1. Can you name every residue in the stretch 31-48 that is surrounded by 11 or more Cβ atoms within 10 Å (Cβ to Cβ), in a helix (DSSP H, G or I) and hydroxyl-bearing (Ser, Thr, Tyr)?
2. Just to be sure before I move on: is LYS24 open to solvent by 70 Å² or more (accessible area, probe 1.4 Å) and out of contact with any helix residue (DSSP H, G or I) (no Cβ under 6 Å at 6 or more places or on another chain) in the structure I sent?
3. Here is a check on your reading of the model: is MET52 open to solvent by 70 Å² or more (accessible area, probe 1.4 Å), part of a helix (DSSP H, G or I) and touching a helix residue (DSSP H, G or I) at 6+ places or on another chain (Cβ under 8 Å)?
Amino acid sequence: MSKWQKHVERVRVVMVRAWGLFRKGLLSMSLSLKVSWNLDRGLITLSQVEGMFHPKKRRK
C-alpha cells in the first residue's frame with residue numbers, strides 16, 4: 001500500500017466516523033469532523049465522546 005493510499009484510507013475513516021457522530025446528534029458536521037480528527041490523532045478518547053451522547057444522571 002502506497003503512502004497516498006494510506007492517507008486516503010485514513011481520511012475515509014475520519015469522514016465516515018464524522019458522519020456517524022453527526023447522525024447520532026452532534027450539533028454540526030463541522031464539529032463532527034473536528035471531533036473525528038481529534039479521535040484520530042489521539043487527543044480525545046471514544047469513551048469521552050460517548051459520554052457526550054449518554055451523560056450520566058446527576059445526583060442531587
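The values are calculated or read from the model by the stated rules, or taken from the named source; none is laboratory data. Please read these numbers as outputs of a predicted model, since none were measured by experiment. All Cβ positions, glycine included, derive from the backbone under ideal geometry; neighbour counts span all protein chains shown. For accessibility, only protein heavy atoms count, side chains too; no ligands or nucleic acids. Shrake-Rupley method; radii C 1.70, N 1.55, O 1.52, S 1.80 Å.
1. SER32, SER36 - these are the residues of the stretch 31-48 that are surrounded by 11 or more Cβ atoms within 10 Å (Cβ to Cβ), in a helix (DSSP H, G or I) and hydroxyl-bearing (Ser, Thr, Tyr).
2. no
3. On the way: open to solvent by 70 Å² or more (accessible area, probe 1.4 Å): yes; part of a helix (DSSP H, G or I): yes; touching a helix residue (DSSP H, G or I) at 6+ places or on another chain (Cβ under 8 Å): no.
When the stated conditions are applied, MET52 does not pass them.
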